[in-house]
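Worksheet: one structure, shown below.
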Amino acid sequence: MLGLLLCLLCPMYISGTRLAMTETDGGPASGAFGGYRVSPGIAGCAILLGAPVSDQTHGPACVKELVRRAAEGDEEAWDVLLDRYAGRVWGVVRSHPLSFHDAQDITQTVLCNLAENLHRLRDPERIGAWLATVARNECRRHLRASGRTRPLPPGDLDRPDDRTPESAYLVAEQTDRVRTALTRLDRPQSEVVRLALEHPELSRAEVARLAGVAESDVSRVRRRARRRLALLLREDR
Amino acid sequence: MTGPDGEEHPPERVMAAARAAHRMRRPDTVLADLLSDSAADPPPGLRAGPGPRLLTFGAAGVELHLQVTVHGDTCDIAGQLVPPARSAVEFRHAGGAFHHTSDSDGAFVLRSLPRTPFSLVCSPSLPGSRPLATPWTPVR
């Protein structure tokens, strides 16, 4: 219970503290198997709770200190890091067209790898950028793997191509107009339309989750988006 | 639940797994690189099919070849260490760790594993070699 309270409170105070943590540090953690250790962390947090000094917001040195402590097995430092960065990873992963389940697995993978790499990070203060890159790469790898399993109907390869330069140009122009109109849609309409366009196979529930709307609203948002698109394309003509 | 910047946290299942991974850290290991993954990069000319996924990890002159077969909610992993050597094998996942030993040629089979992101730690009985940990990898 105390741990939960601390992990909820710590980020607020750490964001405004001047590194009270360094003084309270214990010796290096016992070597193998994660070095489980509690007391110095509690001491550190208690000092933080007592001393909400106020000029450093998410200071790099503070992050570095948290990473160092977490690398030595300090569970509370790890909780603070998770509290601060897990949401960011989740946000990056959810911006990719993945199912909820896959998004959870990928976020979990990225966070577990952070735990494993804590003592190997070259620039601990750039942990946010590191996480975002790793998360994006993991998503791309996943999408590449699932995209490859879609075969092309062999009949399509032999069909005659009846396009002319003019028709190709007109199609491109039309595509461009639609694409421009799409960029002018607001959220969540833009998300819903893009998902319908690029991932028509997704269920209504998945669209709702990815676009951040209630499931019952998906059809309504889609309808409004279509009306708005029609309007934008008419104006544009 | 939201974070300090108003960001949404991942589901608790994910947070719990991250805490478990921290408790199971192995700073004494060499972290292996993923060298190939048949799911993301199938061999030239072949499409990734429904068959087993082949993963190769390597570091410090040791390679670990894995074949992952998914059965619904569980999976089996067959592994081979190169160079071959008897090795302790630890399968880590969010719910804990399983311990196993390979045969004298470095081959092992782990059956009915939970289908969740995992990491393996192999400690081959080669002179002067350190335990090898794979990065955490989702099973798909």
Can you give the helix-only mean residue ellipticity at 222 nm for chain B, where every DSSP H stretch with n ≥ 4 adds -39500 (n - 2.57) and the sum goes over all residues, rounded to the nearest 500 deg cm²/dmol? -2500 deg cm²/dmol
Buried accessible area between A and B (1.4 Å probe, both chains summed, ligands and nucleic acids excluded), in Å² to the nearest 100? 3900
Starting from the residue with the highest accessible area, list A:TRP78, A:TRP130 in decreasing order, probe 1.4 Å. A:TRP130, A:TRP78
With every protein chain in place, the accessible area of A:GLU125 for a 1.4 Å probe, in Å² rounded to the nearest 10, comes to 80
Not counting ligands, DNA or RNA, and with a 1.4 Å probe, what is B:PHE108's accessible surface area in Å² rounded to the nearest 10? 10
Amide H of B:LEU35 versus every other amide H placed in the peptide plane: which residues, excluding those fewer than 5 positions away on the same chain, fall under 5 Å? B:THR56, B:PHE57, B:GLY58
Across peptide A:98-109, how many C-beta atoms of other chains are within 10 Å of each residue C-beta, on average? 6
Leaving ligands, DNA and RNA out of it, work out the accessible area of B:LEU126 with a 1.4 Å probe and give it in Å² to the nearest 10. 50
Give the accessible surface of region A:165-236 per residue, rounded to a whole number of Å², with probe radius 1.4 Å and ligands, DNA and RNA excluded. 68
Once amide H atoms are placed 1.01 Å from N in the peptide plane, what residues at a sequence separation of 5 or more from B:MET24, or on another chain, have their amide H within under 5 Å of its amide H? none
What's the Kirkwood radius of chain B in Å, using all Cα pairs? 16.1
Taking the Cα centre of region B:63-140 as origin, work out the dipole magnitude from +1 charges on Lys and Arg Cβ and -1 charges on Asp and Glu Cβ, in debye rounded to 20. 180
For chain B, size of Cβ-based charge dipole, Lys and Arg +1, Asp and Glu -1, in debye: 260
In whole angstrom, how long is each semi-axis of the equivalent ellipsoid of region A:165-236, when you take the square root of 5 times every eigenvalue of its Cα gyration tensor and sort them from largest down? 26, 14, 8
Determine the order of A:HIS101, B:HIS65 by accessible area, beginning with the largest, at a probe radius of 1.4 Å. A:HIS101, B:HIS65
Can you give me the % of accessible surface on chain B that is carbon or sulfur? Probe 1.4 Å, all protein chains present, nothing else counted. 55
If you average the C-alpha positions of region A:105-140 and of region A:164-194 separately, how far apart do those two centres end up, in angstrom? 35
Once you list every other residue whose beta carbon is under 14 Å from the beta carbon of B:ALA59, what net charge do they have if Lys and Arg are +1 and Asp and Glu are -1? -1
How large is the charge dipole for region A:165-236, taken about the Cα centre, if only the Cβ atoms of Lys, Arg (+1) and Asp, Glu (-1) carry charge, to the nearest 20 debye? 400
Starting from the residue with the highest accessible area, list B:LEU54, A:LEU232 in decreasing order, probe 1.4 Å. B:LEU54, A:LEU232
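The values are calculated or read from the model by the stated rules, or taken from the named source; none is laboratory data. Predicted model, so just to flag it, every value in this text is computed and none were measured. In this analysis, Cβ positions are derived from the backbone assuming ideal geometry, glycine residues included, and neighbour counts consider all displayed protein chains. Surface accessibility is based on the protein's heavy atoms, side chains included, excluding ligands, DNA and RNA. Shrake-Rupley method; radii C 1.70, N 1.55, O 1.52, S 1.80 Å.
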